[in-house]
Structure formats: structure tokens, C-alpha cells
Amino acid sequence: MEAYIKGISYYLPEKMVTNEDLISQFPEWSVEKITKKLGINERHVASDDETASDMAVNAAEKLIEEYKIDKSSIDYIIFVTQSPDYILPTTACLIQDRLGLPTSIGAIDVNLGCSGFIYGLSLAKGLVLGGMSNNVLLLTSETYSKHIHPKDKGNRTIFGDAAAATLISTDGFAEIKNFSFSTDGKGADNLIVKTGGFRMPKPLDDLTFDEYGNPKSSDYLFMDGSAILTYTLDYLPPIISDNLLKNNLEKEDIDLFVFHQANKYLLELLRKKMRIQKDKYYLYCEKVGNTVSSTIPIALKEAILDETLANKSNVLLAAPGLGYSTGAAVLDFGKHSN
Amino acid sequence: MELKEFIQLFAEQFDDTAVELFTSKTEFKKLDEWDSLTALSVIAMIDEEMEKRITGADIRNSNTIEDLFNVANS
């Protein structure tokens with residue numbers, strides 16, 4: 001028995017922030033600079049009363065409708081988010097009820113950022129191959145916009161909110177091959193929202209501005225850009241080499257590389273560093289920005305729709321993520337033609 | 001790598017700043033175009049061209065392009 005991806009759909013919240021909107025608040029930015037450097041023209045953000053679970057339910061309903069999935073066949077929900085509805089209970093349980101799925105199913109939350117889709121996929125594959133589930137609904141959904149300080153020009157430019165729904169099953173269009181993982185908690189402080197958990201439950205109100213004029217606060221999303229860049233350059237190339245080995249493949253055997261779509265700038269840097277041909281490298285962040293754990297399923301969906309994946313077999317996924325948590329995996333599309 | 005080549009590569013990370021403004025003594029953080037994204041480009045350029053990993057702190061502690069060249073060569 002093998003495990004496959006059987007369907008992918010995604011949902012973007014209605015509210016959109018264009019580069020022009022950002023320029024009006026940050027006149028030192030220019031539309032050309034954002035487009036040229038970061039490759040992002042627009043991003044969607046959740047409204048004040050819209051949570052990650054609301055978006056995930058929308059993505060799941062799209063998936064169920066698009067692929068005509070019998071709801072009663074779904075027997076497990078994995079919900080990947082860092083924006084749960086409550087401290088407790090588990091948001092995946094609320095989603096089971098809202099989607100009207102059977103009460104006989106399993107449901108868990110997974111707290112991971114940009115590496116979350118790959119890790120969720122690995123858990124789903126384990127459930128299927130372990131004979132514990134036949135149809136896993138993997139939901140990735142994030143509302144980083146709610147964590148970002150309004151004056152944080154960089155992060156507001158990069159991040160967008162979105163949710164994706166992926167069905168993992170005993171049959172489908174892309175076989176899920178072998179995984180590689182890496183974890184280094186020493187990097188935890190470099191992408192963090194410090195307060196609000198139990199280590200620092202109360203807001204610290206310690207807003208300062210760094211030498212570039214970017215806000216820095218324990219109460220909002222903080223990203224040390226240079227440290228994250230260094231981590232990505234250090235960790236991504238070796239995990240890709242490891243994953244090729246684990247799948248008995250050479251770099252030349254990969255038909256398409258689909259990395260976490262952080263932004264075009266970082267993706268181009270990685271592409272050049274790893275000497276990957278442009279026509280084997282998928283970019284999709286122009287209309288959505290960095291949607292954290294949903295960038296890979298969104299990119300895969302778009303690569304199916306625009307036929308980039310037509311007649312392709314081996315697709316290598318890789319994602320660096322906060323934690324640090326890094327993952328890579330190969331999908332075999334078996335020259336599918338839809 | 002020679003300092004002259006480093007200055008040229010450093011200047012290539014900028015889009016709107018006149019190339020003659022870049023010399024060994026240029027205090028790069030005073031350039032209008034200098035921002036956190038340009039800082040990342042400089043870190044990436046040094047990684048790619050000199051196979052040397054510098055940090056945000058190295059940039060913070062450097063004033064002139066020559067200071068940074070010396071860090072990258074250390």
C-alpha cells in the first residue's frame with residue numbers, strides 16, 4: 001500500500017492588500033521595488049472576526065465540492081496552525097463539527113509554521129500506511145496578519161493569510177515518497193511571538209525600533225531577517241541532498257522543485273545557490289505572498305492548474321521554517337495529465 | 001578578492017544609488033537606499049562570492065564598505 005495526494009484546494013480571505021495600499025502607509029517603499037525584489041504584488045488578510053479555522057473550513061468545503069468527496073469517508077483531520085481559536089480545546093475538534101464530519105474520526109492540531117505542510121503530509125502518510133486512516137484531511141491555515149505590528153513594513157509586505165485543504169488517501173494523483181526532517185531549537189528566538197504563551201503570559205509593551213526603523217516588540221511577530229537568511233542557506237541545501245538520497249534520486253531526476261514560497265528574493269537566492277534550472281523551479285507568491293504553511297499546497301494547486309505539472313513525475317518539496325524546523329519530501333506525480 | 005571588486009559587487013546590491021557614491025570610505029548605512037532588505041542582499045552576496053557567512057551584527061558593527069570587506073576577509 002502507498003499513500004497519495006488525492007485533492008488540493010485553497011481559500012484566500014476576501015480582504016486584499018496591494019502594494020499601492022502599502023506605499024500609501026510607507027512612502028519610502030516603491031511598488032517597483034516590492035515587485036522586483038520580493039515578487040509579491042498582493043496579499044490577502046483575514047478580517048477582524050475571521051480566524052484560521054474559519055478559513056480552513058472554507059478551504060475544506062471547496063475541496064469536498066471540487067473533488068466530490070463523500071464527507072463520511074474522511075476519517076482524520078490534521079489541522080496545522082499557529083493561530084488556534086482558543087488556548088484549548090483543540091481547534092481540529094471544532095472543525096470536525098463545523099464540517100459535519102463523522103464523530104468516529106481522529107482530529108489533532110499541529111503547531112508548525114512554514115514547514116507545517118511537509119510535516120502534516122508525513123503524519124498523514126503514516127496514518128494511511130499504518131492502516132489507521134483511509135482519508136486524511138490535512139488543513140493548513142494561518143493568520144499571521146494578526147501577529148504583525150501595523151508599522152512592520154517588511155513583514156506586512158511579505159506575509160499573506162490563506163488556508164489550504166489537502167486529502168491524503170490510499171489512491172490519488174501524487175504518491176507521497178520519502179521524507180527528511182531537521183530541527184534546531186537554538187534558532188527559536190529568531191522568528192517568534194514572545195508573549196501570550198505561558199512562559200510570558202502578559203504583554204510586555206516593549207516596542208522599540210531597530211536601526212532600519214522596523215518595529216521590534218515581544219507582543220508581535222519578530223523576525224531577525226539576517227539570521228533567518230543564514231539558517232535557510234545553511235539548512236536547505238543539505239536537507240535536499242539528504243532527501244534525494246532517501247528517495248534514490250539524483251538532482252537531475254527531479255522534474256520540478258517546489259519550495260516554501262517565502263518570497264521571490266529568497267527563492268531566487270536558493271535557486272542560484274543550488275544551481276537549479278529556472279524551468280524546473282516553481283514560483284507562486286505574486287498574488288498571495290508568504291502564506292506560511294499553505295504556500296506549498298497553493299503552489300502545487302497552481303502548478304496543476306497552469307499545467308506546469310502535466311507529464312511530470314518527481315516533484316521535490318522543501319521548506320525551512322521557524323523553530324527552526326525544516327522538511328523535505330518527494331512527490332511522484334507519475335506523469336499525470338489532468 | 002580585491003577591495004575594488006568588493007566595492008563593485010557591493011554597489012550591485014543597490015538599484016537607485018549612483019555608482020560613484022561607492023568607495024572604500026562610503027558609510028553605507030547613511031545611503032538613502034540602505035534598508036534591511038539591502039542588508040540581506042549584502043549578506044547573500046558575501047556568502048555567494050566569498051563563501052563567507054557574515055551576520056547582522058557584523059553589519060551593525062561596520063561603518064564603511066572597507067570595514068565590511070575586512071570582516072568578510074577575516
Along principal axes, Cα extents of segment A:60-150, largest first, whole Å: 44, 27, 25
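Taking every residue in B:36-49, how many Cβ atoms of other protein chains lie within 10 Å of its Cβ, on average?
For peptide B:36-49, the averaged partner shielding equals 5.
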Exposure proxy order (Cβ contacts within 10 Å, fewest to most) of A:Tyr4, A:Tyr10: A:Tyr4, A:Tyr10
If you average the C-alpha positions of segment A:204-241 and of segment A:60-114 separately, how far apart do those two centres end up, in angstrom? 30
Using only Cα atoms, locate the centre of segment A:147-201 and the centre of segment B:1-64, then give the distance between them in Å, rounded to an integer. 31
Can you list the DSSP H helices in chain A whose Cα atoms extend at least 24 Å along the helix axis and whose mean Kyte-Doolittle hydropathy is 0.0 or higher? A:225-246
Compare A:Pro215, A:Pro13, A:Pro203 in a GNM of chain A, Cα atoms joined below 10 Å, and give the one with the largest fluctuation. A:Pro203
With Cα springs under 10 Å, the Gaussian network model of chain A assigns the largest mean-square fluctuation among A:Gly154, A:Gly113, A:Gly39 to A:Gly154
Looking at chain A as a GNM with Cα springs under 10 Å, which of A:Ile296, A:Ile304, A:Ile78 has the largest mean-square fluctuation? A:Ile304
Work out Dmax and Rg for the protein assembly as shown from the C-alpha atoms and quote the Rg first, both in angstrom. 21.8, 71
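What percentage of all Cα-Cα pairs in segment A:169-244 are separated by more than 14 Å?
Every Cα pair in segment A:169-244 considered, those over 14 Å come to 73 percent.
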Looking only at chain A, where both bridge partners belong to it, what percent of the DSSP beta bridges are antiparallel (to the nearest 5)? 70
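None of the figures in this text is laboratory data; all of them are computed from the coordinates on show. Keep in mind that what you see is a predicted model, and the values were worked out from it rather than measured. So basically every Cβ, Gly included, is an ideal-geometry build from the backbone, and we count neighbours across all protein chains shown.
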